[in-house]
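Novice: I have a structure here, written as structure tokens, and I will follow up with some questions on it.
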Amino acid sequence: MFVVKYRKIFFALSALLLALSFYGMFTYGFDLSIDFKGGTLTEVKYSDVPPTLDELNTKISALDLGGFSVRPSGASNFIIRTKELSQNERDALTQAINGPTASSTIERQNTIGPVAGAELKSKAMKAVAVVVLMIMLFITFAFRKVSKPVSSWKFGFATIVALAHDVIIPTGIFVFLGHFKGIEIDLLFVTGLLAILGYSVHDTIVVFDRVRENLKINRDTNNKEEFETTVGKSVAQTFGRSINTSLTIFITLLALFLVGSGATKDFAFLLIVGIIVGTYSSIFVASPLLVTFQKLAR
Amino acid sequence: MKSKKHIVISILLLIVFGALGFLLTKDYKPFKFGLDLVGGTELVYKADTSKVDNVADAMNSLKEVIERRVNMFGVSEPIVQTESAGIVSGNKEERLIVELPGVTDIDEAVALIGQTPVLEFRLQKANAAEITKANPNATIDDVFTSTGLTGRYLSRATVEFDPNTQAPLVGLLFNDEGTDLFSKITTENKGQILAIILDGNVLSAPVIQDAITNGKAQITGGFTALEAKELVRNLNYGALPVPIALSTSQTIGASLGVSALDAGVRAGEIGFIALAIFLILWYRLPGLIATVALVSYIILSLWVFKIIPVTLTAAGLAGFILSIGMAVDANVLIFERTKEELKKGKSIYESLHEGFSRAWLSIRDSNVSSIITAIVLFWLGTSAVKGFALTLGLGVLISMFTAISVSRTFLFAIAPRGDSGFKRFLFSNGFHIK
């Protein structure tokens, strides 16, 4: 199977994407939303001709609220991010952005204290770590009966490498998007990452399950086959269904991305990226890694 | 005959799901939507429970007080709940979450809750005079020690007038628990000063003359009649057992919410139709069965959302739409396996059997990992994430039933005994013709 045979090419491709992701993370950093750093987010909708971005910027900077950002959202909405505002400051902001050519309504306003934000941040990171660890333990457990030629924890470890791959690359893509498009890392982003973790392992399990089955058949029929061949065969046998199970999710996510609400658009996009990367890693990273591990052990 | 049994069960299932689907369109039990879909305000308060012994108890009565208050203002279907944050992260923080659908003026909402007074009874420390001398900015906490007697033990407050001076007073009547506590405090600390503190200000600091066992007390704070009346009203509506501070607030306009809901529902519909087309084109007859099973999945899930009830948020809807895509995963695995067995030359009936039993292991293992993720997500939970976790987790469980048991019953009901080329074609999939 070409996947296993040319595994170094696929490893290199993944390594390149990972390197790019890390490059983005270290040069641009994370554009965290108020969910994690605290602050106030105000979305304002204008009924008539909305003011220009410059006009809004001038008006808000006159309020002396410290650093802020204004981003257009849709045709007549603006999203304004500021520090955590008190009641008086909120009122002043509402006053300032109202009129003169169009009346405005506050569509939504979220205020999150810095403490709550920081707490959520640590909780989010813990959640990702806990999911990764639990899945690794589970895989090790599920494949406990497999011992030859690779021990079950290696299945778990290959899964973890694939999972890390599936989290880092979408994060990298969002870091670039954050830098160039202003997309922020918020709680929904973390939710999406966790969902990707849970899903990406599905495909990996499908292939590993087949490896498990083929190993058993080889044992029962006393068939001396190279482990590399067994894995390649398993990947080939499950190739179609790996793609198809992802495709069904891809279809619904695409609908969510194209016609779903604005609140979940970025989220849907993240999941789409995650599903693609996750499927790729199950076939081209996790399974070939098993072979690499087995060769290393010899 | 075995397939006869499958046929009977299939018909029963169809009738049940048909009925459930029909009832879904009637408004027997409406869905519960989150604030981000209907508009409204969510306020999260941090409660300072450092001075109370029984935290759970105090939080419970805090919840009751705020509930009374919110109800008084006629907000429809408010949700007041308490949450113990950070059990795992170590720093225990008690939170009060207030959701006010339809209220989009955040200042109004804050005012509505914030006016609730915190009433406390505290003993003055013996060296109070020295403390204030040494530090003129000494706080209440420096000068007074807590007695545990607070506004939550109040049964009623009334406006009274001093019989001699006609000055307005506020009369307090404690409940049974408060009466016992008050009697104990006044018995044990005779001659000391018991300060009455409202929202951090000392209203009056009378000396305990005698043990008071009837549960009655008076506040003489030099009130005007109007002030006394307001205080009584606020105390009766509920004095807060613990101080609270606003930590997070969120307001969503009603129009934004409605459009988010419409868009979410539309995305679900389009996603489903596209998925059904794919299933039927690629998986043929079993694909059609999978689509029927998927419809039953959607009907069952929506009912579970109604019954539990699950608060549907934008993220929750996204989770549900995602789960529609995941629900057919098991079917895909089964059908692919069936095709493999068909290719080996087995009969349709045998192949289906093998398909189901061989695919089971990988279905089980991958679903367990999804459930692990859902549980962790639920724990991470602010309301938006909880909604997603809940719909995703329930989706996995329900789809195990529909994608495996339901579609299995249907498939075996229609599975042919004979094996003509055309029948084999119907049960195979993809580019495979025979």
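The values are calculated or read from the model by the stated rules, or taken from the named source; none is laboratory data. Model, not experiment: these values are computed from the prediction. In this analysis, Cβ positions are derived from the backbone assuming ideal geometry, glycine residues included, and neighbour counts consider all displayed protein chains.
Novice: Are any residues in the range B:241-279 surrounded by 19 or more Cβ atoms within 10 Å (Cβ to Cβ), more than 8 Å from chain A (Cβ to nearest Cβ) and either in a helix (DSSP H, G or I) or modelled with pLDDT of 85 or more (or both), and if so, which ones?
Specialist: Once the filter is applied, which keeps residues that are surrounded by 19 or more Cβ atoms within 10 Å (Cβ to Cβ), more than 8 Å from chain A (Cβ to nearest Cβ) and either in a helix (DSSP H, G or I) or modelled with pLDDT of 85 or more (or both), the range B:241-279 yields B:257, B:276.
Novice: Examine the range A:171-181 for a residue that is farther than 30 Å from residue A:52 by Cα and either more than 12 Å from chain B (Cβ to nearest Cβ) or part of a strand (DSSP E or B) (or both), and state whether such a residue exists. Break it down stepwise before answering.
Specialist: Pass one, the range A:171-181, residues farther than 30 Å from residue A:52 by Cα: A:171-172.
Of the ones still in play, those that are also either more than 12 Å from chain B (Cβ to nearest Cβ) or part of a strand (DSSP E or B) (or both) are A:171-172.
Yes, because at least one residue in the range A:171-181 is farther than 30 Å from residue A:52 by Cα and either more than 12 Å from chain B (Cβ to nearest Cβ) or part of a strand (DSSP E or B) (or both).
Novice: Limited to the range A:217-252, what total is found for residues that are basic (Lys, Arg), assigned to a helix (DSSP H, G or I) and either outside the structural domain of residue A:282 (by TED's automatic domain parsing) or at pLDDT below 90 (or both)?
Specialist: Residues that pass the stated criteria total 2.
Novice: Filtering the range B:309-347 down to residues that are more than 10 Å from every other protein chain (Cβ to nearest Cβ), hydroxyl-bearing (Ser, Thr, Tyr) and over 20 Å from the mean Cα position of the chain (by Cα), which residue is surrounded by the most Cβ atoms within 10 Å (Cβ to Cβ)?
Specialist: B:338
Novice: Out of everything in the range A:27-42 that is at negative phi, within 12 Å of another protein chain (Cβ to nearest Cβ) and not charged (D, E, K, R), what residue ends up being surrounded by the fewest Cβ atoms within 10 Å (Cβ to Cβ)?
Specialist: Once the filter is applied, the top-ranked residue is A:41.
Novice: Which residue is farthest from the chain's Cα centre (by Cα), if the candidates are limited to the range A:43-76 and must be among the aliphatic types (A, V, I, L, M) and surrounded by 14 or more Cβ atoms within 10 Å (Cβ to Cβ)?
Specialist: Applying the filter and picking the extreme gives A:63.
Novice: Answer with yes or no whether residue A:194 is in contact (Cβ under 8 Å) with a residue 40 or more places away in the chain and touching an Asp or Glu at 6+ places or on another chain (Cβ under 7 Å). Give the steps one after another, and end with the answer.
Specialist: Numbers: in contact (Cβ under 8 Å) with a residue 40 or more places away in the chain: yes; touching an Asp or Glu at 6+ places or on another chain (Cβ under 7 Å): no.
Criteria not met by residue A:194.
Novice: Residue check: is residue B:222 at pLDDT 80 or above and on the phi > 0 side of the Ramachandran plot?
Specialist: The answer is no for residue B:222.
Novice: For a quick check of your reading: which helices (runs of 4 or more DSSP H) sit entirely within the range B:1-103 and have at least 3 residues that are under 30 Å from residue A:119 (Cβ atoms), modelled with pLDDT under 85 and not charged (D, E, K, R)?
Specialist: Working: elements: B:2-25, B:35-38, B:55-72.
Because the criterion is at least 3 residues that are under 30 Å from residue A:119 (Cβ atoms), modelled with pLDDT under 85 and not charged (D, E, K, R), the helices (runs of 4 or more DSSP H) in the range B:1-103 that meet it are B:55-72.
Novice: Right, next: For residue A:207, are the conditions met, namely being within 14 Å of chain B (Cβ to nearest Cβ), among the β-branched types (Val, Ile, Thr) and over 18 Å from residue A:11 (Cβ atoms)?
Specialist: Considered against the rule, which asks whether it is within 14 Å of chain B (Cβ to nearest Cβ), among the β-branched types (Val, Ile, Thr) and over 18 Å from residue A:11 (Cβ atoms), residue A:207 comes out as no.
Novice: Something else about it: Within the bounds of the range A:52-61, is there any residue that is part of a helix (DSSP H, G or I), in contact with a helix residue (DSSP H, G or I) (Cβ under 6 Å, 6 or more places away or on another chain) and under 30 Å from residue B:364 (Cβ atoms)?
Specialist: Keep residues of the range A:52-61 that are part of a helix (DSSP H, G or I), which gives A:53-61.
From what is left, the residues that are in contact with a helix residue (DSSP H, G or I) (Cβ under 6 Å, 6 or more places away or on another chain) are A:59.
In the following step, the residues that additionally are under 30 Å from residue B:364 (Cβ atoms) were identified as none.
No.
Novice: While we're looking at this one, here's another question. Would you list the strands (runs of 3 or more DSSP E) that sit entirely within the range B:147-228 and hold 2 or more residues that are outside the structural domain of residue B:59 (by TED's automatic domain parsing) and under 17 Å from residue B:123 (Cα atoms)?
Specialist: Once the strands (runs of 3 or more DSSP E) in the range B:147-228 are filtered for at least 2 residues that are outside the structural domain of residue B:59 (by TED's automatic domain parsing) and under 17 Å from residue B:123 (Cα atoms), what remains is B:194-198, B:201-204, B:216-219.
Novice: Then there is this: Kindly indicate whether residue A:49 is within 14 Å of chain B (Cβ to nearest Cβ) and touching a residue at least 24 places away in the same chain (Cβ under 8 Å).
Specialist: The answer is no for residue A:49.
Novice: Restricting to the range A:236-261, and then to whatever is within 7 Å of another protein chain (Cβ to nearest Cβ) and among the small types (Gly, Ala, Ser), can you tell me which residue is farthest from the chain's Cα centre (by Cα)?
Specialist: Among those that are within 7 Å of another protein chain (Cβ to nearest Cβ) and among the small types (Gly, Ala, Ser), it is A:240.
Novice: Then there's this: State whether one or more residues within the range B:357-366 are buried (at least 24 other Cβ atoms within 10 Å of the Cβ) and modelled with pLDDT under 85.
Specialist: yes
Novice: Next up: Of the conditions (1) more than 10 Å from chain A (Cβ to nearest Cβ); (2) closer than 23 Å to residue A:134 by Cβ, residue B:301 satisfies every one except a single condition; which number is it?
Specialist: Unmet condition: (2).
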